[in-house]
1. Given H placed on each backbone N at 1.01 Å, which residues far from R216 in sequence or on other chains put an amide H within less than 5 Å of it?
2. With the cut-off at 1.5 for a/c, could you classify region 211-277 from its C-alpha gyration tensor as rounded, prolate or oblate?
3. Rounded to the nearest 0.05, what FRET efficiency do L358 and A119 give with R0 = 45 Å and r taken as the Cβ-Cβ distance? Could you check?
4. By accessible area of protein heavy atoms, probe 1.4 Å, what ranking do L79, L234 get, highest first?
5. Once the Cβ-Cβ distance between V64 and W342 is put in as r, and R0 is 30 Å, what FRET efficiency do you end up with, to the nearest 0.05?
6. From largest accessible area down, sort E111, E98; use a 1.4 Å probe on the protein chains.
7. For region 97-200, with equal point scatterers placed on the C-alpha atoms only and solvent neglected, what are the log10 I(q)/I(0) values from the Debye formula at q = 0.14, 0.15, 0.19 1/Å, to two decimals?
8. Under the rule of at least 5 residues apart or a separate chain, name every residue whose amide H is placed under 5 Å from the amide H of T221.
Amino acid sequence: MVLVIPARNEEAVIGQTLNTLEALDYPYRLALVMDDGSTDATAAVASSFTWLGRVQVIKRSPEVAGQGKGAVLNHAFALLCTMVAERDPRLRGRNADEVVVGVMDADGQLEGDALAKVAPYFSGRRNANVGGVQIGVRIANATANLLTRMQDFEFVGFSALVQDSRNSLGSVGLGGNGQFTRLSALQGLRRDPWTACLTEDLDLSLSLAEAGWDIRYCPDTFVAQQGLTRIWPLLRQRTRWIQGHYQCWRHLPSIWGSRRLAWRAKLDLSVYLMMIVFVLAVFAGLVVSILGWTGALVPVNNSLAVITNPYLHNVVQLLMSAGPLAIFVAVYQTRAATPLRWWELPAVGALFGAYAYLFVLSQLWAWTRMAAGRGGWAKTPRVSAEIAVQMPV
């Protein structure tokens, strides 16, 4: 396995990340730290980790640095293709079908058994069509404050459940942290695998699916990453993600035109891409309900109501509003590194609803950026892992 770590001014976190990689319980691994024109001590810190030659620091020249994460990953891809062609001893003679490329953020911390848990997904004849695997994501500083707990709940509860449900279709979405792809699958795209899309991870998973590769989810291991402790940086991050999600709508014609995708996978991918507007529909429904409760909005006609029994109507409404949240809470409690105490569950569950509505602002911001033709974005700043849990909201 080759772990690629894009790093641009990451001296605050790169050391701890490489410490966790050194402790991995898997013998065949190589880490490529792609120093993307850092002006701090990123390269010096990374170069101090030797592991008998298992860490290589690749310095990108100023002429090509700063062009985005996709460009950095494509640089690493080109290097790996050359290493395979030249039978580089660091790859132990493996061919492209046997080389798995893992992508980690510079603040990512893999569990010790992560590579051992991922490797079986790519081995054996029955897994020959697996082109990518995504592992679970946790928030390392989940207990720092309420905002980081909400992010952990989102990743470990909601996102993990969605990924699990898509596993049987082979249409799981790859994330920017903890994604693993078969090198031969990347080569099969016959272009640079990663694009300038603001969500290059989602863009890649869609491209691989259209090419006929299965993407799987491994729920048995996790990568931990820093959560954002303040609202403003979180809104900026999610605005970038939402804008990138909209950019991936360009895949819809290719999805339905692909002869290698089953119709169920086509439907799943289409629903997933369109789900970005679902929160707006729910928010609009909430606004209408509030206006109705206050008497500011009077329904014109109730004759179209499907359920006329008021008691049954209330039960169905309760199940539809609280049912999914209860499932997310149950999943979170079984998978979280630091589960909630029982008396915290009602409050956190209710607050998660408000947290989800917060990103309506990110939707509006993303629309503004798209209307203005703005596609670039600055990276999310890091803080030292030692002080991340002490920062206030």
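1. The answer is G132, V133, Q134.
2. Details: a/c = 3.25, a/b = 1.56, b/c = 2.08.
Cα axes put region 211-277 in the oblate bin.
3. 0.75
4. Working: L79 55, L234 0 Å².
Heavy-atom accessible area, descending, gives L79, L234.
5. Efficiency computed from Cβ-Cβ geometry: 0.05.
6. E98, E111
7. Per q value, in the given order, log10 I(q)/I(0) is -0.63, -0.72, -1.10.
8. G136
The values are calculated or read from the model by the stated rules, or taken from the named source; none is laboratory data. As the structure is a prediction and not an experimental result, all values here were calculated from the model. Cβ coordinates were reconstructed from backbone atoms using ideal geometry, including for glycine residues, and neighbour counts include every protein chain displayed. All accessible areas refer to the heavy atoms of the entire protein, side chains included, with ligands and DNA or RNA removed. Shrake-Rupley method; radii C 1.70, N 1.55, O 1.52, S 1.80 Å.
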